[in-house]
Amino acid sequence: MIQPQQETRPANWVESRINKTSDSLDVAFEQGLTGHVVTGRKPGKVVCLADGTEALEFVSCSYLGLEEHPALVTAAEEALRRFGVHLSTSRNRMRPHYLGELEDLLSTVYRGNKAVPFTSVGTVHLGLLPLLGAGALPSYPIAPGGSTFLVDKTAHSSMQVLRGVLDQIGPARRFDLETPDSLESALREARRDGRTPIVLIDGVGSMGGLIDVAGVLAALAPYQGHLYIDDAHGISVAGRYGAGYAFETLGDQLPLNVVIAGSLSKAFGGSGGFALVPSEDDVRVLRKFANPLVFGHSIMLPLLAANVASARLHLDGEVAALQERLWRNTEVFDELTGNRLVNAGLRSPVRGAHFDTEAAAFRAATALKEAGVLILPAFFPTVAKGTGLIRFALSSLHERGHLETAASILEGVWNG
Ligand SMILES: Cc1ncc(COP(=O)(O)O)c(C=O)c1O
């Protein structure tokens, strides 16, 4: 527990985050229910652990298993042989040829829109959002009165953490998509102040939910605002060529007032993040001014080569086949668990077993671990105080037997 230095001073966000975080996470580490040390991997979803045992994992967010694909492994090995591990400079100083290839392939996936790769999704947020708010990106005009950032309460922590940085550009406020009128009243306030609203939301929720990106876009229309969608978990798993949940839901296009931030490290199977913008003029501004691109290294070379190989699999139909397997697996798992899980029936690879008490969540995580099944346990503030969630990340690589094993343990837990 961190005490504020003066009784009268409200806790800053670091203090409040530390104070709010449940000790249960420490207990989960101590009990070996999370933080697993992995020493190797069998093809598929079985990992070798440091204690010499093997376990079936539902933890990795590589929902299509592409990181094990021979095309990615070979591409990374070849790059390693040709270049060594790294070309240690920013992309503006030396550009490995893979970078341009990746940009071109992603531009095909996204129907002519421009994808700018970053080392992570977090650095996309950090690099792009201040430029967007300041009106520096040509495709996204900002009113003379400036901008205001409206961050959904459930938007990923990598955006929440930037509120203080964004506040230097325009006021950064939170709203709650689940509370009626919360977004509308924030939008009305922006209009009253003569500011352009920039709304920040997730696409596929990392712990549950599918955000209604089309509904938020429609709500934004009368206010001439911009929509920034972090679709890290939606990339590759949905849409033609694996363009992702948000792009597909918005009609296989990037509406003019939308930016999508995507991940290359989850279902894409490689490493990094990217910003999707409509024009080369936006790209030029990002290359020149997005801080992590100018003053930071680029995606590590072998992983950049793997990204190129993965992008080709997106375009040649292989990803479409893997998507089908993933969605079959989610349907089977929903059926086996009686549609009782968080996200049951949704086109999301995330499923969750919610428990009313932390103790019940611990019992479930322990039963799964003892049976050799690894999951991600989550506690407050990720879920409501006093409750617990067991997250299952499903993959196209899971076999029916894997799903049956996990479901039957859950059944045992539920039946007490
Ligand atoms: C929705 C979402 N956005 C952003 C991130 C951060 O991604 P990165 O590690 O590439 O910065 C994560 C990470 O898990 C995430 O789940």
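The values are calculated or read from the model by the stated rules, or taken from the named source; none is laboratory data. Here the structure is a predicted model, which is why all the values come from computation and not from measurement. Positions of Cβ are generated from backbone atoms using ideal geometry, with glycine treated the same way; all protein chains shown enter the neighbour counts. Protein only, heavy atoms only, side chains kept; ligands, DNA and RNA dropped before computing areas. Shrake-Rupley method; radii C 1.70, N 1.55, O 1.52, S 1.80 Å.
Observations, loosely collected:
- Inter-part distance where the range 25-85 and the range 129-206 are each reduced to a Cα centre, Å: 36 Å
- Accessible surface, 1.4 Å probe, highest first, among residues Thr21, Thr387: Thr21, Thr387
- Sequence of Met159, Met300, Met94, Met207 when ordered by accessible area, the most exposed leading, probe 1.4 angstrom: Met94, Met300, Met207, Met159
- With the simple spin-label model, which puts each label point 7 Å out from Cα in the Cβ direction, the Ala321 to Ser16 separation comes to 5.1 nm.
- Label sites at Trp414 and Val85, each approximated as a point 7 angstrom past Cα along Cα to Cβ, lie 4.6 nm apart.
- Shape of the chain, Cα gyration tensor, a/c cut at 1.5: oblate
- Only protein heavy atoms count here; under a 1.4 Å probe, Thr330 has an accessible surface of about 10 Å².
- A dipole drawn for the chain from +1 and -1 charges on Cβ atoms has a positive end, and of Gly145, Pro70, Asn329 the residue lying farthest that way is Gly145.
- Within the range 127-209, the trypsin sites (Lys or Arg not before Pro) that combine a DSSP coil assignment with at most 16 other C-beta atoms in a 10 angstrom radius are Lys153.
- Asp26 accessible area, assembled protein chains, probe 1.4 Å, Å²: 90 Å²
- Accessible-area value, Trp13, 1.4 Å probe, nucleic acids and ligands omitted, Å²: 150 Å²
- Separation between Cα centres of the range 249-324 and the range 343-416, rounded to whole Å: 31 Å
- Cα centre as origin, Lys/Arg/Asp/Glu Cβ charges: the range 70-315 dipole, Debye: 700 debye
- For the chain, DSSP calls about 55 percent of its internal beta bridges antiparallel.
- Shape of the range 127-173, Cα gyration tensor, a/c cut at 1.5: prolate
- Computed from Cα atoms alone, the Kirkwood hydrodynamic radius reported for the range 315-403 is 13.9 Å.
- For the range 73-134, trypsin sites (Lys or Arg not before Pro) are listed when DSSP marks them as loop and at most 14 other Cβ atoms sit within 10 Å of their Cβ; the list is Arg93, Arg111.
- Of the GluC sites (Glu not before Pro) found in the range 134-229, the ones in coil according to DSSP and having at most 11 other Cβ atoms within 10 Å of their Cβ are Glu178.
- Asp26/Gln168 FRET efficiency (R0 60 Å; Cβ-Cβ; nearest 0.05): 0.95
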